[in-house]
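Working notes for the structure below.
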Amino acid sequence: MALIACSECGRAVSDKATVCIGCGAPLTTSSPIDLVPKRSKAPPPTREQIKRRALLSLSILALGLIWAEVLEHRPGGRLALFMAALLIIVGLCWFMVVLIHALSSRR
Ligand SMILES: [Zn+2]
């Protein structure tokens, strides 16, 4: 029986287990070789891909900001406000992820 690292929490769990005992994440790995994160196998995104993703995330962020601005003058209820806030948060988070990817792939 070998121990493998959970891809979610990093805890060492049996390779016979189907879910992580620490966080409950499903374990799809079956050999100790998979200790290496799967993400490193994927080719880094090209500059064009990064640019397109950054643009898309920023437009989501802008849409949320515009929506919030419109709602300030014409209140549209809690749901609309929540959606606007959600757009801003998602756009911002996504943009940060793209930014981190862009910086880490520049090595
Ligand atoms: Zn886990």
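Output the residue which, of all residues in the stretch 8-17 that are open to solvent by less than 100 Å² (accessible area, probe 1.4 Å) and part of a loop (DSSP other than H, G, I, E, B), is nearest to the ligand (Cβ to nearest atom). Outline the logic, then answer.
Of all residues in the stretch 8-17, those open to solvent by less than 100 Å² (accessible area, probe 1.4 Å) come to 9-10, 12-15, 17.
Cutting the leftovers down to part of a loop (DSSP other than H, G, I, E, B) gives us 9-10, 15, 17.
Details: 9: 3, 10: 7, 15: 13, 17: 10 Å.
Among those residues, the one meeting the criterion is 9.
Considering (1) outside any loop (DSSP other than H, G, I, E, B); (2) modelled with pLDDT of 85 or more, say which one residue 21 fails and leave the rest.
Failing condition for residue 21: (1).
Which residues, counting only those in the stretch 52-107, are outside any helix (DSSP H, G or I) and free of Cβ contacts under 8 Å to residues at least 60 places away in the same chain?
The initial filter retains those residues of the stretch 52-107 that are outside any helix (DSSP H, G or I), namely 74-76, 105-107.
Scanning the stretch 52-107 gives 74, 75, 76, 106, 107.
Yes/no matrix, rows are residues, columns are (1) closer than 30 Å to residue 81 by Cα; (2) modelled with pLDDT of 90 or more; (3) surrounded by 11 or more Cβ atoms within 10 Å (Cβ to Cβ):
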| position | (1), (2), (3) |
| --- | --- |
| 27 | no, no, yes |
| 34 | no, no, yes |
| 50 | yes, no, yes |
| 57 | yes, yes, yes |
| 61 | yes, yes, yes |
| 66 | yes, yes, yes |
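The values are calculated or read from the model by the stated rules, or taken from the named source; none is laboratory data. Because the structure is a prediction, the values reported are computed rather than measured. Every residue, glycine as well, gets a Cβ built from its backbone with ideal geometry; the counts of neighbours run over all protein chains shown. All accessible areas refer to the heavy atoms of the entire protein, side chains included, with ligands and DNA or RNA removed. Shrake-Rupley method; radii C 1.70, N 1.55, O 1.52, S 1.80 Å.
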